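One structure below.
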Amino acid sequence: TITADIFKGYKTTYNKNIPLTMGLMSNSEIFADNTEKAKVLELITDYGCSVAIHGSVSYPTMNQDQLFEYLDTQRTYITNNLVAPTSIIYPYHDYTELSSTIAGSYYGVCCTGGTNNPISYGGDSKLAGPRSNMYTLYRFSLFNAQMTTQKIKEAIDYASENNMIFLPFFHDVDLATDYERCKDLLDYCVDYANTKGLEFINIGDIPYIK
């Protein structure tokens, strides 16, 4: 649920013109509440945010036909009730070569959990790393219990110095649990990335980096 405090935190960040990719599942509470849905639509239309398929079932637990059916169902439902998704975020950070290949065939970019290092992505000499990890991009867990502004600074510095993508993520529940701490970390992340001249894009925009 997009609570009042969480939405206030979002708007503070997006007043800085920073987009957010929201990972949604078809059973999200926003689809059952027009007020909540309106808040998400505002983030999309007024703040440049986008939507990714998230889901609530571990993809590797499904066979090929089941996964195609599941992703088709999620995509259709979210598109018909909100807006077309542009990427996929794996539930529980789980994936296999098969599941990531199937998921990647939908949008060309998928994210998973992993080590808190900036991800490598390459399209030309300006970017480091192979393009082959496009279906398993590692996210940087912004609000874990051990996170500090120094760790965020080091990750952003590393990404900037090595022409890499820095992909921070968080859950709504993180903001609901410790709003002030999480908002401070998010604000620091955005403000410091701005000082380094990093460009802010949605996950679905990554395949179009030239």
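The values are calculated or read from the model by the stated rules, or taken from the named source; none is laboratory data. Because the structure is a prediction, the values reported are computed rather than measured. Here Cβ is always computed from backbone atoms with ideal geometry, including for glycine, and neighbour counts include all displayed protein chains. Ligands, DNA and RNA are excluded from the accessible area calculation, which covers all protein heavy atoms including side chains. Shrake-Rupley method; radii C 1.70, N 1.55, O 1.52, S 1.80 Å.
What residue, among those in region 119-133 that are open to solvent by less than 20 Å² (accessible area, probe 1.4 Å) and over 20 Å from MET22 (Cβ atoms), is modelled with the highest pLDDT?
Per the criteria, the residue is TYR121.
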| message | Looking at region 48-71 only, could you name the residues that are over 18 Å from the mean Cα position of the chain (by Cα) and assigned to a loop (DSSP other than H, G, I, E, B)? | response | MET62, ASN63
| remark: Of those in region 170-204 that are free of Cβ contacts under 8 Å to residues at least 60 places away in the same chain and within 14 Å of PRO19 (Cβ to Cβ), the residue surrounded by the fewest Cβ atoms within 10 Å (Cβ to Cβ) is GLU199
| query | For the subset of region 48-61 comprising residues that are in contact (Cβ under 8 Å) with a residue 40 or more places away in the chain and hydroxyl-bearing (Ser, Thr, Tyr), which member is surrounded by the most Cβ atoms within 10 Å (Cβ to Cβ)? | reply | TYR59
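Which residues, taken from region 76-95, are open to solvent by 60 Å² or more (accessible area, probe 1.4 Å) and either over 21 Å from PRO207 (Cα atoms) or of a type in the set (Asp, Glu) (or both)?
THR76, TYR77, ASN80, TYR92
Yes/no matrix, rows are residues, columns are (1) among the charged types (D, E, K, R); (2) touching a Pro at 6+ places or on another chain (Cβ under 8 Å); (3) farther than 22 Å from SER141 by Cα; (4) modelled with pLDDT of 90 or more:
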site: ILE78; (1), (2), (3), (4): no, yes, yes, yes
site: VAL83; (1), (2), (3), (4): no, no, yes, yes
site: ILE89; (1), (2), (3), (4): no, no, no, yes
site: TYR92; (1), (2), (3), (4): no, no, no, no
site: TYR95; (1), (2), (3), (4): no, yes, no, no
site: ALA103; (1), (2), (3), (4): no, no, no, yes
site: CYS111; (1), (2), (3), (4): no, no, no, no
site: ASN117; (1), (2), (3), (4): no, no, no, no
| query | Among (1) closer than 24 Å to SER50 by Cβ; (2) surrounded by fewer than 19 Cβ atoms within 10 Å (Cβ to Cβ), where does LEU137 come up short? | reply | (2)
| message | List the residue pairs whose Cβ atoms are under 7 Å apart, where the first residue sits in region 62-83 and is more than 14 Å from MET25 (Cβ to Cβ), the second is part of a helix (DSSP H, G or I), and the two are 6 or more positions apart or on different chains. | response | MET62/TYR70; GLN64/LEU98; GLN64/ILE102; LEU67/TYR59; LEU67/SER99; LEU67/ILE102; PHE68/ILE102; VAL83/ILE44
| note | Of those in region 14-47 that are assigned to a loop (DSSP other than H, G, I, E, B) and open to solvent by less than 40 Å² (accessible area, probe 1.4 Å), the residue nearest to SER100 (Cα to Cα) is SER26
